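Student: To start, I am sharing the structure in question, which I have written as structure tokens.
The values are calculated or read from the model by the stated rules, or taken from the named source; none is laboratory data. Since this is a predicted model, take the numbers as computed values, not measurements. Cβ sites come from the backbone with ideal geometry, for glycine too, and all protein chains shown count toward neighbours. Calculation scope for accessible area: heavy atoms of the full protein, side chains included, ligands and nucleic acids excluded. Shrake-Rupley method; radii C 1.70, N 1.55, O 1.52, S 1.80 Å.
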Amino acid sequence: MATLGNPQNTIEVLQKYQFRFQKKFGQNFLIDTHVLDKIVESAGITKDDCVLEIGPGIGTMTQYLAESARKVIAVEIDSNLIPILEDTLSAYDNVQVLNEDILKVDIEALAKEQNEGRPMKVVANLPYYITTPIIMGLLEGEAKVDSITIMVQKEVADRMQMTPGSKEYGALSLAVQYYAKPEIVANVPPNCFMPRPNVGSAVIRLSLYEKPPVEVQDSKYMFQLIRASFNQRRKTLVNGLQNGGLGLTKDEILAALSEMGLSEMVRGETLSLEQFALLSDILQKNHNI
């Protein structure tokens, strides 16, 4: 089995290529074989799978994925890592490295080309600074993704599976839970990375739903409401929605809350996904959108 997960081998590769970590890409390479095994196992990868890996770094996890999957497509933004990947992955003929920005990649086209249009499994050790845009791009995109198993900052993983009323519950919790079932599969301390980050990480698996767990007339409008209601967390839902740029009047919002049996003092962070879906449908109907 591949041994890049061993710290000594990682150091040797970095020294050989005189690689310099770039802060702007949020690079923290995994150096713990147990965590690598856990990620591949949690992602449930088999020889039938085409895996999309985001940010392969020096190819540590890519080697593990290549052992288990039929095909791995690794998308790396840092061109300085491409020669290193050509070296560390030279033994694998089932890996393709793309030097691109994942936010600009047409994942649907990639699935057609590499996986006969079937959903791919996404695996990634995500840079903290860009975690949410990548996750939302994968969830909301046209491309069908089977599951997303990712390493993220611990507090972000916690937020994804929070329920109404908790301090960390917010727009990200609702968006993730509309599209997928989140489950934290491992907590990962800072010493499992090089360089060592300042915060703990967690591996979370998002299993995508065939169809969302709630029915709503217009999910886009529902998420506009959700974002508006969390923009000013300490304010009431009425205030948040009134100032959310949605053109809603106070009377319309109060009428909708009354129809749902909710107090006018209710705050957005106490509403469940089902309640936001109902609120969205009522407001849309009454507002004639």
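Student: What is the extension gain from LYS47 to GLN232, computed as 0.36 nm multiplied by their sequence separation minus the C-alpha to C-alpha distance, in nm to one decimal?
Tutor: Numbers: separation 185, 0.36 × 185 = 66.60 nm, distance 4.72 nm.
Length gained, LYS47 through GLN232: 61.9 nm.
Student: Residue separation times 0.36 nm, minus the C-alpha to C-alpha distance between TYR17 and ALA255: what's the value?
Tutor: Here the segment from TYR17 to ALA255 would lengthen by 79.2 nm.
Student: Given labels modelled 7 Å from the Cα in the Cβ direction, how far is it in nm from ASN286 to VAL185?
Tutor: For the pair ASN286/VAL185, the computed spacing is 4.4 nm.
Student: Within the chain, which is the longest segment containing none of the GluC sites (Glu not before Pro) that sit in a DSSP loop and have at most 15 other Cβ atoms within 10 Å?
Tutor: In the chain, the maximal stretch lacking such sites is 1-99.
Student: Starting from the Cα coordinates of region 57-211, work out the convex hull volume and express it per residue in Å³.
Tutor: With only Cα atoms used, region 57-211 gives 120 Å³ per residue.
Student: With each label point set 7 Å from Cα along the Cα-Cβ vector, what nm distance links SER90 and LEU139?
Tutor: 4.2
Student: Show that you can apply the helix-only estimate: for the chain, add -39,500 (n - 2.57) for every DSSP H stretch of four or more residues, divide by all residues, and state [θ] at 222 nm to the nearest 500.
Tutor: Rounded to the nearest 500, it is -11500 deg cm²/dmol.
Student: Can I ask one more? Roughly what % antiparallel, to the nearest 5, for the DSSP beta bridges in region 77-221?
Tutor: 70
Student: Angle between the Cα long axis of helix 273-287 and the longest principal axis of the chain, 0 to 90 degrees, nearest 10?
Tutor: Value to nearest ten degrees: 50.
Student: Can you check what the net charge comes to around TYR209, using other residues whose Cβ is under 15 Å from the Cβ of TYR209 (Lys, Arg +1; Asp, Glu -1)?
Tutor: Details: positive: LYS144, LYS181, ARG205, LYS211; negative: GLU140, ASP146, GLU183, GLU210, GLU215, GLU274.
Charge balance near TYR209 sits at -2.
Student: Quick one: accessible area per residue over the chain, 1.4 Å probe, rounded to a whole number of Å²?
Tutor: In whole numbers, the chain has 48 Å² accessible per residue.
Student: If r is the Cβ-Cβ distance from MET265 to GLU155 and R0 is 35 Å, what FRET efficiency results, to the nearest 0.05?
Tutor: Details: r = 28 Å, r/R0 = 0.81.
About 0.80, to the nearest 0.05.
Student: Quick one: length gained pulling ASN9 to GLU67 fully straight, 0.36 nm per residue minus the C-alpha distance?
Tutor: 19.0 nm
Student: Can you pull the one-decimal nm distance between simple spin-label points at ASP106 and SER272, each 7 Å off the Cα toward Cβ?
Tutor: 4.1
Student: Where both partners of a DSSP beta bridge lie in the chain, what percent of those bridges are antiparallel, to the nearest 5?
Tutor: Antiparallel bridges: around 45 percent, rounded to the nearest 5.
Student: Ignoring ligands, DNA and RNA, what percent of the 1.4 Å accessible area of region 98-155 is carbon and sulfur?
Tutor: After summing per-atom areas, the C and S share lands at 48 percent.
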